[in-house]
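Peer 1: Take a look at this one; I'll ask things after.
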Amino acid sequence: MSSEIRDINLWQDGEIKIDWVKANMPLLRSIEEEFTETKPFKNIKIALSVHLEAKTAYLCKVLAAGGAEMYVTGSNPLSTQDDVAAALVHDGLNVYAWYDATPEEYHRHTSKVIEAGPNIIIDDGGDLVHLIHNEYPEKIKDVIGGCEETTTGIIRLIAMNTAKELKFPMVLVNNADCKHLFDNRYGTGQSVWDGINRTTNLIVAGKNVVVAGYGWCGKGVAMRAKGLGAEVIVTEIDPIKAMEAVMDGFKVMKMEEAAKVGDFFVTVTGCRDVITEKSFNVMKDGTICCNAGHFDVEVDVAALRRIAVETKVARKNIMGYKLANGRWINVIAEGRLVNLAAGDGHPAEIMDMSFAIQALSALHLVKNKDTIGISEDKVIDVPKYIDNEVAERKLKFWNMEIDKLTDEQEKYLNSWNG
Ligand code: NAD
Ligand code: SAH
C-alpha cells in the first residue's frame, strides 16, 4: 500500500463524513452488499479521479468491497477533503491527493494512479484518460475500459474517438438518464446555491441572478435561484435553449447587457471566456461572479487580475478585485466549480444515483471484458438495463410504486393500426 495525503491523523473526521453520506446512499449500500458477496473486481485494479469528498470515498469503498485494488486521486485540487482522504488510507486504499495541490503536485498524484497499471479507469473530466494516452501509452494494454462522469469529459472522449485516438472503451456515464437528469439538473441546482450561500452569507431574494448556459446544469441553477426569490436572467448561444428559458419564465439577454444589471453571475456552459473584461467593466459595485462549469476558464479571472487596481480577500474563498472605475467585483473560489470548491458538491441522494451508475458500469466492463473492446467505436452508452435498474431501485427505497402495463396496453402502444 502506498499513499500521498496531507495528514493520516484526520481519518476519524473523514470517517464521520463518510458514515453520514453512506446512511443517505441506499442504492450504493445495496450494491456494496452484492459486491461483498460476489467480489466481481477480484484481481482488478481501479484508478479513480473524482472530486475526493465523502460520497466519492464511499464509492471507492464499495468498489474495494467488490475486491478491487483501489488507486484514488482527486479531480480538482480545491475539492479534495484531507480528512476524507485520510479515512480511505486508514481503510487500506491507495490515495494520492491533497487540498490545494499545486499543478505539479496534482500531476504527480494523477500520475501515481496510472503508474499502478489500472484495469479500469473512473474519470471525471478526462484527466486520467488524457494522461495515460499522452504520457503512459505502455499502460494502455492493461486497461479493460473506463467510465466518464461529466459532460465536458464526454465531449473530449467523443473528439478522441472521432480522431481514432481513443485506445480503450469508455462508458459515457453522464449520458445515462439517471445521471444528467438528476445530477446535472437538481444536484447542480441545489449545490451551487449551497456553495454560494455558505460562502457569501448574502440574501438572494430580490437580486438579479444571471445564469450563463441553459443546459442541464443551467436549468437547475436557474430553477433554484427562482425558488430563492431571485429575478433570473439567462444568457445562451443556442436559440432553442434560449426559447426554453423564456418559456420557463426567465429573461434572456446577451451577456454584455446582463453584465450591467446582475448581482450574482453563475456560468455553467462548459465553454470559455463567457464573462470577460468587457463585462467586468460594466458590472455593478459588489457583483459576485462564480462558475459551476467544468474548467476555471468561464469567468476570465486572469483578465480580472490584469485590470484590477487593487485586490483583497473579501471573505474566506472570495477574492475582491477593484477596477479603475472604483467598483469591486468578487469571485468565489478562483472561478473553479463553486459547488465543490466552496461546498461539498451534490447531495448524497443525488450522488447515490450517479455513483450507482458508475459502479454498475464498471461491473459491465469487467463482465464483458472479452468482447467490449473489440469495436472500432470506443465510446459506449450506459446500457439501458442499468439506467432502469437504478431508477427502479431508487423508487423502491423511496417506497414509491408505479403502474405496470397490462398485456392489452402494451399491445395497444406497439400497434400501428389498432
Ligand atoms: P449542456 O451541454 O447540457 O449545457 C451547456 C449549455 O451552455 C448549452 O445549452 C450551450 O448552448 C450553452 N453555452 C455554451 N457556450 C455558451 C456561451 N459562451 N454562453 C452562453 N451559453 C453557452 O451541459 P451541462 O450538462 O449543463 O454541463 C455544463 C458544464 O457543467 C460542463 O462543463 C459540465 O462538465 C459541468 N458540470 C458541472 C457539474 C458540477 O457539479 N458543478 C455537474 C455536472 C456538469
Ligand atoms: N475535473 C473537473 C470535474 C468536473 S465537475 C474539475 O476540474 O473540477 C462535474 C462533476 O462533478 C459532475 O458530473 C458531478 O457528477 C460531479 N460531482 C458533483 N458533486 C459531487 C460530489 N459531491 N462528489 C463527487 N462528484 C461530484
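Peer 1: Looking only at the range 200-221, filter to residues that are surrounded by fewer than 24 Cβ atoms within 10 Å (Cβ to Cβ) and within 16 Å of ligand 2 (Cβ to nearest atom); which one of those is farthest from SER279 (Cα to Cα)?
Peer 2: Of everything passing the filter in the range 200-221, TRP216 is farthest from SER279 (Cα to Cα).
Peer 1: If I ask for residues that are assigned to a loop (DSSP other than H, G, I, E, B) and under 15 Å from GLY146 (Cβ atoms), which ones from the range 41-68 would you list?
Peer 2: Hits for the range 41-68 are PHE41, ILE44, VAL50, ALA68.
Peer 1: Looking at (1) under 20 Å from the mean Cα position of the chain (by Cα); (2) part of a helix (DSSP H, G or I); (3) not charged (D, E, K, R), can you tell me which one CYS147 breaks?
Peer 2: Unmet condition: (2).
Peer 1: Any residue in the range 349-376 that's on the phi > 0 side of the Ramachandran plot: show its pairings with residues that are open to solvent by 20 Å² or more (accessible area, probe 1.4 Å) and more than 16 Å from ligand 1 (Cβ to nearest atom) at Cβ separation under 8 Å, as long as the two are six or more apart or on different chains.
Peer 2: none
Peer 1: Moving on to the next point. Sort out which residues of the range 351-384 are surrounded by 24 or more Cβ atoms within 10 Å (Cβ to Cβ) and within 15 Å of ligand 2 (Cβ to nearest atom), and write them in order of number.
Peer 2: Matches in the range 351-384: MET351, ASP352, MET353, SER354, PHE355, ALA356, ILE357, GLN358, ALA359, SER361.
Peer 1: Pull up the range 136-169, narrow it to residues that are of a type in the set (Gly, Ala, Ser) and in contact (Cβ under 8 Å) with a residue 12 or more places away in the chain, then point me to the one that is nearest to ligand 1 (Cβ to nearest atom).
Peer 2: Looking at residues that are of a type in the set (Gly, Ala, Ser) and in contact (Cβ under 8 Å) with a residue 12 or more places away in the chain, I get GLY153.
Peer 1: Same structure, new question: Only one of GLU277, GLU256 is more than 22 Å from LEU78 (Cα to Cα), touching a Lys or Arg at 6+ places or on another chain (Cβ under 7 Å) and open to solvent by 10 Å² or more (accessible area, probe 1.4 Å). Can you tell me which?
Peer 2: So the residue among GLU277, GLU256 that is more than 22 Å from LEU78 (Cα to Cα), touching a Lys or Arg at 6+ places or on another chain (Cβ under 7 Å) and open to solvent by 10 Å² or more (accessible area, probe 1.4 Å) is GLU256.
Peer 1: Would you be able to tell me the number of residues in the range 280-296 that are open to solvent by 40 Å² or more (accessible area, probe 1.4 Å) and modelled with pLDDT of 95 or more?
Peer 2: Counting residues in the range 280-296 that are open to solvent by 40 Å² or more (accessible area, probe 1.4 Å) and modelled with pLDDT of 95 or more gives 4.
Peer 1: While we're looking at this one, here's another question. Away from ligand 2 (no atom under 16 Å from the Cβ), crowded, with 22+ Cβ neighbours inside 10 Å and among the acidic types (Asp, Glu), is that true of GLU236?
Peer 2: yes
Peer 1: In the range 69-107, which residue that is of a type in the set (D, E, K, R) and not in a loop (DSSP other than H, G, I, E, B) is surrounded by the fewest Cβ atoms within 10 Å (Cβ to Cβ)?
Peer 2: Checking each candidate, the answer is GLU104.
Peer 1: Considering each of ILE122, ILE114 in turn, give the residue that is over 25 Å from LEU10 (Cα atoms) and part of a helix (DSSP H, G or I).
Peer 2: ILE114
Peer 1: Give the residue, chosen from ASP403, ASP387, that is out of contact with any strand residue (DSSP E or B) (no Cβ under 8 Å at 6 or more places or on another chain) and open to solvent by 80 Å² or more (accessible area, probe 1.4 Å).
Peer 2: ASP403
Peer 1: For the range 78-91, state whether one or more residues are within 16 Å of the chain's Cα centre (by Cα), more than 16 Å from ligand 1 (Cβ to nearest atom) and more than 21 Å from LYS367 (Cβ to Cβ).
Peer 2: Checked against the condition, which is being within 16 Å of the chain's Cα centre (by Cα), more than 16 Å from ligand 1 (Cβ to nearest atom) and more than 21 Å from LYS367 (Cβ to Cβ), the range 78-91 yields no hits at all.
Peer 1: Among the residues of the range 171-187, is any farther than 18 Å from GLU298 by Cβ, within 11 Å of ligand 2 (Cβ to nearest atom) and in contact with a Phe, Trp or Tyr (Cβ under 7 Å, 6 or more places away or on another chain)?
Peer 2: Yes, the conditions are met somewhere in the range 171-187.
Peer 1: Next question. Starting from the range 202-229, take each residue that is under 14 Å from ASN291 (Cβ atoms) and list its partners that are small (Gly, Ala, Ser) and open to solvent by 40 Å² or more (accessible area, probe 1.4 Å), counting only C-beta distances under 7 angstrom and pairs at least six apart or across chains.
Peer 2: none
The values are calculated or read from the model by the stated rules, or taken from the named source; none is laboratory data. From a predicted model like this one, the values you see are computed outputs, not experimental measurements. Counting neighbours? That spans all protein chains shown, and the Cβs are built from the backbone with ideal geometry, glycine included. Side chains are part of the model used for accessible areas, which takes the heavy atoms of the whole protein and leaves out ligands, DNA and RNA. Shrake-Rupley method; radii C 1.70, N 1.55, O 1.52, S 1.80 Å.
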